[in-house]
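The values are calculated or read from the model by the stated rules, or taken from the named source; none is laboratory data. Just so we're clear, the structure is a prediction, and the values are computed from it rather than from any experiment. Methodologically, a virtual Cβ is constructed for each residue, glycine included, from the backbone with ideal geometry; neighbour enumeration extends over all protein chains shown. Just the protein is used for accessible areas: all its heavy atoms, side chains included, with ligands, DNA and RNA removed. Shrake-Rupley method; radii C 1.70, N 1.55, O 1.52, S 1.80 Å.
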Amino acid sequence: MSLKGHAFVLEIAATPAERARGLMHRESLAENAGMLFVFPQESHLNFWMKNTLISLDILYMDSAGVVVDIQTMVPQPGVPDSELRHYPSAAPAQYALEINAGLAESLGFAVGNQAYFR
């Protein structure tokens with residue numbers, strides 16, 4: 001996948017089990033790596049950081065690959081599931097891309113950017 005000329009090597013989370021596991025228990029993520037969550041259709045998506053050890057940027061994208069929202073998610077170790085912060089998409093999305101926190105800002109990613117999938 002590329003976004004604004006920056007290429008990423010992605011792990012794909014397309015099944016319910018893969019999406020539920022996500023990047024849990026990982027201690028690091030390569031700078032040019034990410035996880036792309038693929039959903040069957042556009043809807044308002046909602047993520048949390050259950051068992052996630054690294055801070056992440058999440059880019060929500062619509063069915064055409066256009067970024068509709070960007071947020072930074074932070075780990076909350078020791079917080080009960082019922083109290084974990086949620087990160088809902090600002091608009092309907094079909095894809096969610098998780099990359100290292102701060103990368104979206106440093107690379108100048110913004111709502112309206114077009115992602116290209118290969």
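Taking each residue of region 20-33 that is without any contact (Cβ under 8 Å) to a residue 60 or more places away in the chain and among the aliphatic types (A, V, I, L, M) and looking for partners that are assigned to a loop (DSSP other than H, G, I, E, B) and open to solvent by 70 Å² or more (accessible area, probe 1.4 Å) with beta-carbon atoms closer than 8 Å, six or more apart or interchain, yields Met24/Asn51.
Is one or more of the residues making up region 74-96 within 15 Å of Met1 (Cα to Cα) and of a type in the set (Gly, Ala, Ser)? The answer is yes; a qualifying residue exists.
Among the residues of region 1-19, the ones that are in a loop (DSSP other than H, G, I, E, B) and β-branched (Val, Ile, Thr) come to 1 in all. Restricting attention to region 91-99, does a residue exist that is more than 20 Å from Ala33 (Cα to Cα) and aromatic (Phe, Trp, Tyr)? Checked against the condition, which is being more than 20 Å from Ala33 (Cα to Cα) and aromatic (Phe, Trp, Tyr), region 91-99 yields no hits at all. For region 46-60, check the following and say yes or no: at least one residue is within 15 Å of Met1 (Cβ to Cβ) and either without any contact (Cβ under 8 Å) to a residue 40 or more places away in the chain or acidic (Asp, Glu) (or both). So far as region 46-60 goes, yes, one or more of its residues are within 15 Å of Met1 (Cβ to Cβ) and either without any contact (Cβ under 8 Å) to a residue 40 or more places away in the chain or acidic (Asp, Glu) (or both). Evaluated against (1) open to solvent by 50 Å² or more (accessible area, probe 1.4 Å); (2) more than 13 Å from the chain's Cα centre (by Cα), Val74 falls short on exactly one condition, (2). Would you mind stating whether Ala110 is farther than 22 Å from Glu27 by Cα, open to solvent by 50 Å² or more (accessible area, probe 1.4 Å) and either assigned to a helix (DSSP H, G or I) or without any contact (Cβ under 8 Å) to a residue 60 or more places away in the chain (or both)? No, not satisfied.
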